[in-house]
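Worksheet: one structure, shown below.
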Amino acid sequence: MWGEFMRRVKIIIGITLILLCLLSQTVLAIDKPEFDLQTKSAILIDAKSGRVLYEKNAHQKLPPASVTKIMTMLLAMEAVDEGRVKWDDKISTSELAAKMGGSQIWLEPGEEMTFEHLIKAVAVVSANDACVAIAEHLYGTEENFVKAMNDKAKKLGLENTYFYNTNGLPPTDPDVQGNYTTAADVAKMSLELLKHPKILKFTSIWIDHIRDGESFLRNTNNLVRFFKGADGLKTGYTQEAGFCVSATAKKDGMRFIAVVMNAPNSKVRFNEARSLLNYAFSIHRSVDIVSKGEVVSKVKVFKGELPEIDAVAKEDLKISVMKGEEKEAVKQTRLNKEVVAPVKVGDKVGEIVVLKGEEVLGRVDLVANEEVAKANFFKIILQLFKKFISNIMNIFE
């Protein structure tokens, strides 16, 4: 009887050890994923925290082909935000823009097209002529626009990136240095572009038309059609650069970016980007932190008609965490020490930051949910007196 009992105990212990061994191997696989990628260079990042989940030769300088247009679209979106161009502005096509080769929408010299349709053409069909038309409209010449691209690259800390033109076409002179960048730098500029979410309205299009339906547009990024949650960003191909893509997808509040550079063919490019994105979603889970408009705290208002106001979340905040690390995420509510009237609805009064150690997993602004006018002279004097008494009391505590 006792012998049979001990035999069963040994079996249970053996099975437990095997399971623990398998579990430890699984954890190692998550920490250090192994992909047999054919592409020369790649990187996978969390779009909210910037955490690098996987990389292969991510800092190797390579020609990006039309992935260049991520920076072109970034400068265009900044121009919109700054009010230097409107979506319905008509832009005239120059001789230079009209003679661009490669992917294009066949703009004619003197033809006018709205800024919105030109951006759509760049995002969907990678139109080289549209890039130059936008560049000339915003900066006078393509050369000035390219200088702004390189200045922006320096500002973003893209130390291994250089732009020769707006669209990624190789120079006709073999002695001239063409565009180059790295997978890591492409990921950074992709993150910056995603700060302008309206661009996803264009990069997520599968099929559309311009010129009153006369010109057909079909997205060069197959993942937009065949990968759930994919909504951008940009593909590229030249003989020198091979097949490239910066792909992003969003599911359950989580967003990741996979950059693939110098793949041997288009099928490999999309398959490997898909594999990277699938991996990211499989090892993460989404955690709700706060909802848009949710009251988080009270904030004191100095010199105001009201003594305090509600601080509410400006946007929804969800974070992506590795499965099993949920408890390591720490939420911090950081309120401004003093808010001085007048206060307008939407003024920033603090923020919520979610941390894992020193790594920022996500953040959202806290804003005022009501307006507070400046108090009259006598009320301000009374507030100053109360503040003085409070400070005196704190000294003697």
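Tabulated data for the structure shown
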quantity: Looking only at region 170-194, and only at residues there that are among the polar types (S, T, N, Q) and surrounded by fewer than 18 Cβ atoms within 10 Å (Cβ to Cβ), the one that is farthest from T39 (Cα to Cα); calculated: T172
quantity: Filter result (over 19 Å from E136 (Cα atoms) and either hydroxyl-bearing (S, T, Y) or surrounded by fewer than 19 Cβ atoms within 10 Å (Cβ to Cβ) (or both)) within region 158-169; calculated: E159, N160, T161, Y162
quantity: Subset of region 41-50 [surrounded by 18 or more Cβ atoms within 10 Å (Cβ to Cβ) and of a type outside the set (V, I, T)]; calculated: S41, A42, L44, D46, A47, K48, S49
quantity: Out of T220, T248, sole residue that is touching a strand residue (DSSP E or B) at 6+ places or on another chain (Cβ under 8 Å), assigned to a strand (DSSP E or B) and either in the same structural domain as V372 (by TED's automatic domain parsing) or of a type in the set (S, T, Y) (or both); calculated: T248
quantity: Region 321-360 - residue that is in contact with a His (Cβ under 9 Å, 6 or more places away or on another chain) and part of a strand (DSSP E or B) and, of those, farthest from K374 (Cα to Cα); calculated: M322
quantity: Residue that is surrounded by the most Cβ atoms within 10 Å (Cβ to Cβ) [pool: residues in region 107-141 that are touching a strand residue (DSSP E or B) at 6+ places or on another chain (Cβ under 8 Å) and assigned to a loop (DSSP other than H, G, I, E, B)]; calculated: S126
quantity: All positions within region 195-208 that are surrounded by 13 or more Cβ atoms within 10 Å (Cβ to Cβ) and either in contact with a strand residue (DSSP E or B) (Cβ under 6 Å, 6 or more places away or on another chain) or without any contact (Cβ under 8 Å) to a residue 12 or more places away in the chain (or both); calculated: L200, K201, T203, S204, D208
quantity: Verdict on A230 being closer than 12 Å to M71 by Cα, in contact (Cβ under 8 Å) with a residue 40 or more places away in the chain and among the hydrophobic types (A, V, I, L, M, F, W, C); calculated: no
quantity: Options E325, E305, E358: the member that is surrounded by fewer than 17 Cβ atoms within 10 Å (Cβ to Cβ), free of Cβ contacts under 8 Å to residues at least 24 places away in the same chain, among the charged types (D, E, K, R) and not assigned by TED's automatic domain parsing to the domain that holds R255; calculated: E358
quantity: Failed condition for L62, given (1) within 30 Å of N278 (Cβ to Cβ); (2) surrounded by 21 or more Cβ atoms within 10 Å (Cβ to Cβ); (3) out of contact with any Lys or Arg (no Cβ under 9 Å at 6 or more places or on another chain); calculated: (3)
quantity: Filtered residue count, region 274-302, keeping only those that are touching a residue at least 60 places away in the same chain (Cβ under 8 Å), in contact with a helix residue (DSSP H, G or I) (Cβ under 8 Å, 6 or more places away or on another chain) and more than 25 Å from V360 (Cβ to Cβ); calculated: 1
quantity: Residue in region 181-188 that is part of a loop (DSSP other than H, G, I, E, B), assigned by TED's automatic domain parsing to the domain that holds A98 and among the small types (G, A, S) present; calculated: no
quantity: Any chance K344 is touching a helix residue (DSSP H, G or I) at 6+ places or on another chain (Cβ under 7 Å) and either surrounded by fewer than 13 Cβ atoms within 10 Å (Cβ to Cβ) or assigned by TED's automatic domain parsing to the domain that holds Y54 (or both); calculated: no
quantity: S286 vs. criteria at pLDDT below 95 and on the phi < 0 side of the Ramachandran plot; calculated: yes
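Matching residues to (1) over 29 Å from E55 (Cβ atoms); (2) assigned to a helix (DSSP H, G or I); (3) charged (D, E, K, R); (4) outside the structural domain of R51 (by TED's automatic domain parsing):
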| position | (1), (2), (3), (4) |
| --- | --- |
| L75 | no, yes, no, no |
| A79 | yes, yes, no, no |
| M100 | yes, no, no, no |
| S103 | no, no, no, no |
| F145 | yes, yes, no, no |
| M149 | no, yes, no, no |
| N165 | no, no, no, no |
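The values are calculated or read from the model by the stated rules, or taken from the named source; none is laboratory data. Keep in mind it's a predicted model, so treat the numbers as computed, not measured. When we count neighbours, we look across all protein chains shown, and the Cβ atoms used for this are built from the backbone with ideal geometry, even at glycine.
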